[in-house]
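Structure, as structure tokens:
The values are calculated or read from the model by the stated rules, or taken from the named source; none is laboratory data. No experiment lies behind these values; they were computed from the predicted model shown. Backbone-built Cβ (ideal geometry, glycine too); neighbour counts: all protein chains shown.
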Amino acid sequence: MEFTTKSFRRVAVVSVSGRIDTSTSSELETKLQDLMDEGQKNIILDFSSVEFLSSSGLRVLVTTRKKIRNSGGDIVLANASQRATDSFEIAGLDKLFKSYPDREAAIGAF
Amino acid sequence: MEFTTKSFRRVAVVSVSGRIDTSTSSELETKLQDLMDEGQKNIILDFSSVEFLSSSGLRVLVTTRKKIRNSGGDIVLANASQRATDSFEIAGLDKLFKSYPDREAAIGAF
Amino acid sequence: MEMANKRISVPAFHQNIETLCNKVQDAAVEAGFDDRTAYACQLATGEACENVINHGYANEGDGDLILTIKITQGQLIIELCDTAPPFNPSIYPQDEDWEEEDPPIGGLGLKIIHKVMDKVSYTRRNGRNYLEMHKTDPYPHLNSHWNSSKGRT
Amino acid sequence: MEMANKRISVPAFHQNIETLCNKVQDAAVEAGFDDRTAYACQLATGEACENVINHGYANEGDGDLILTIKITQGQLIIELCDTAPPFNPSIYPQDEDWEEEDPPIGGLGLKIIHKVMDKVSYTRRNGRNYLEMHKTDPYPHLNSHWNSSKGRT
Ligand SMILES: Nc1ncnc2c1ncn2[C@@H]1O[C@H](COP(=O)(O)OP(=O)(O)O)[C@@H](O)[C@H]1O
Ligand SMILES: Nc1ncnc2c1ncn2[C@@H]1O[C@H](COP(=O)(O)OP(=O)(O)O)[C@@H](O)[C@H]1O
């Protein structure tokens, strides 16, 4: 798993690539927590290059979503890969995360 | 000259391609006025495919900028082509329009 | 009927799960599954492995993950074996207290396994857990992998 | 010294300006100018043409735009001829009342022409306006277009 972050006025875009599983999900959790600690209210996850997303990753996302929404922000998906989309759907979490077809649409929605 | 428009929550992106000159600038002016009439406060001009920009086009942009700023909005550039950039600079108008390296950066700035 | 068996054993470390998932992905493609079905199979395998490491063995690396894959035409049987204490994952988890806006963050692993696989069965033999997961190609007519090789002979 | 002349005449309609601009662009490239310098030349030409149509002729199409381009090594001479009433665009416009936040929207055309071209001169002869604009390659050593063809002979 690798990620890069780009911060805008109202939102930060985190692009994640590779496998989000039990051996990498805590790294993602730390990254997202860091962004919140820096005062980022809103996060977009660019999951276009996610090749694997297990329940460990999903748990991190659900937990982060709860925290960020409690502080008045939101975390959404942009351009999610078929595999990431399938993981959300299989786990029954597809309705929990707003999902945008591309980064622009997601950035423009905040 | 051709254009396409994409509207987001706080801003509309107008992508212009081809020549903006005396035979096309009034069409651009109408398009920008229409957006303002529809209630768009902010406009991003994606000038990545602009091949020619004459004083007629620049006049439209300066006039539109004045109107849109009077109503509390702004009009900025994204990803301007070298030629568009040169026209602004030659005319001494380069400092008048904020210019972003790409559409995402511009959208994320509103 | 053509049939292929693959076996691979790795020490039960998180980092080794990927290797097993990749084996399942390749086997599923070999069985003629499309990529989404193949992904679903490796996802279920990953969940089963995560559970053995996180809940089965006392510590990471305390035992092995032994994967056996049986490939037949349009069908995959994935068997995961471990030497951790007995646990039966074939019991389908209940969704009752699921609130859409605030879903429980536990229980996703078993949910995924059962959602994705056609049949999940469990046996304890000789101090080992055997989890067997079956998947049949949901689109057998679209995936001509086996059919076309038959056609050629 | 090598030298090429091109002449083209079009009725004074807005839509015909592009054709003249393209001729200048091509000629500038032929003279060895880089694309930005070539663009500056076609931009100045476009401004001159716009002015003749908008301010010179009473109506669009009331006369012609006659463009003559002289190409020499690293230099371009662009001559625009029209039969509209006399007007001398070679006088450099003043920038005095320029406010950065609220620039005047008139006067940009002449400003661009003078900013871009090295020399701008005007003659009235036989009831015609002749605007001559000179441009010398600002980067003669970078653009080996002519130099290299010399080198080859
Ligand atoms: N291999 C296993 N060995 C022991 N307990 C297990 C095993 N797999 C699952 N469990 C138990 O079942 C529960 C549900 O598992 P699962 O659905 O994967 O969710 P999670 O791992 O998030 O709790 C676990 O919390 C654990 O108590
Ligand atoms: N070819 C021309 N014939 C007559 N008047 C001209 C001509 N070119 C320019 N002018 C005059 O000079 C003024 C400045 O021209 P210009 O700098 O191109 O700006 P603009 O066209 O925006 O007014 C024009 O408004 C016009 O009065």
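For the reader, a short list of remarks on this structure follows.
- Some residue of segment B:88-107 being buried (at least 18 other Cβ atoms within 10 Å of the Cβ), acidic (Asp, Glu) and over 22 Å from residue D:39 (Cα atoms): yes
- Selection status of residue A:56, surrounded by fewer than 20 Cβ atoms within 10 Å (Cβ to Cβ) and either among the aromatic types (Phe, Trp, Tyr) or touching a residue at least 24 places away in the same chain (Cβ under 8 Å) (or both): no
- Qualifying residue in segment B:9-21 (condition: surrounded by 23 or more Cβ atoms within 10 Å (Cβ to Cβ), at pLDDT 95 or above and within 16 Å of ligand 2 (Cβ to nearest atom)): yes
- Residue ID - nearest to residue C:134 (Cα to Cα), chosen from residues in segment C:58-105 that are surrounded by fewer than 14 Cβ atoms within 10 Å (Cβ to Cβ) and at pLDDT 95 or above: C:88
- Residue that is buried (at least 21 other Cβ atoms within 10 Å of the Cβ) and of a type in the set (Gly, Ala, Ser), where the choices are D:28, D:4: D:28
- When B:96, B:61 are checked against the criterion of being of a type outside the set (Val, Ile, Thr), under 22 Å from residue D:100 (Cα atoms) and not in a loop (DSSP other than H, G, I, E, B), B:61 stands alone in meeting it.
- Among (1) modelled with pLDDT of 95 or more; (2) under 16 Å from residue B:55 (Cβ atoms); (3) crowded, with 19+ Cβ neighbours inside 10 Å, the one test that residue D:55 misses: (3)
- Looking at B:109, B:80, B:91, B:84, just one residue is of a type in the set (A, V, I, L, M, F, W, C) and within 14 Å of chain A (Cβ to nearest Cβ), and that residue is B:109.
- Residues within segment A:65-77 that are within 11 Å of another protein chain (Cβ to nearest Cβ) and either in contact (Cβ under 8 Å) with a residue 12 or more places away in the chain or under 16 Å from residue A:26 (Cα atoms) (or both), tallied: 1
- You will find that of B:69, B:83, the residue that is out of contact with any helix residue (DSSP H, G or I) (no Cβ under 7 Å at 6 or more places or on another chain), in a helix (DSSP H, G or I) and surrounded by fewer than 23 Cβ atoms within 10 Å (Cβ to Cβ) is B:69 and no other.
- Of all residues in segment D:127-139, those that are hydrophobic (A, V, I, L, M, F, W, C) have Cβ atoms under 6 Å from Cβ atoms of residues that are assigned to a strand (DSSP E or B), 6 or more apart or on another chain, in D:131/D:80; D:131/D:122; D:133/D:78; D:133/D:120.
- If the condition is being in contact (Cβ under 8 Å) with a residue 60 or more places away in the chain and within 16 Å of ligand 1 (Cβ to nearest atom), then segment C:41-60 contributes C:43, C:44, C:45, C:47, C:48, C:52, C:56.
- Taking segment D:30-59 as the range and being within 14 Å of chain B (Cβ to nearest Cβ), in a helix (DSSP H, G or I) and under 18 Å from residue D:75 (Cα atoms) as the test, the residues that pass are D:35, D:36, D:37, D:38, D:39, D:40, D:41, D:42, D:43, D:44, D:45.
- Qualifying residue in segment D:103-121 (condition: within 16 Å of residue D:50 (Cα to Cα), charged (D, E, K, R) and within 9 Å of ligand 2 (Cβ to nearest atom)): yes
- Inter-residue pairs, beta-carbon under 7 Å, first at positive phi and in segment C:65-88, second of a type outside the set (Lys, Arg) and more than 14 Å from ligand 1 (Cβ to nearest atom), 6+ apart: C:74/C:31; C:74/C:32; C:74/C:136; C:74/C:137; C:74/C:140; C:74/C:146
- Residue count for segment D:60-93 under the criterion of being among the aliphatic types (A, V, I, L, M) and assigned to a loop (DSSP other than H, G, I, E, B): the result is 2.
- Some residue of segment A:37-53 being assigned to a strand (DSSP E or B), surrounded by fewer than 20 Cβ atoms within 10 Å (Cβ to Cβ), more than 14 Å from chain B (Cβ to nearest Cβ) and hydroxyl-bearing (Ser, Thr, Tyr): yes
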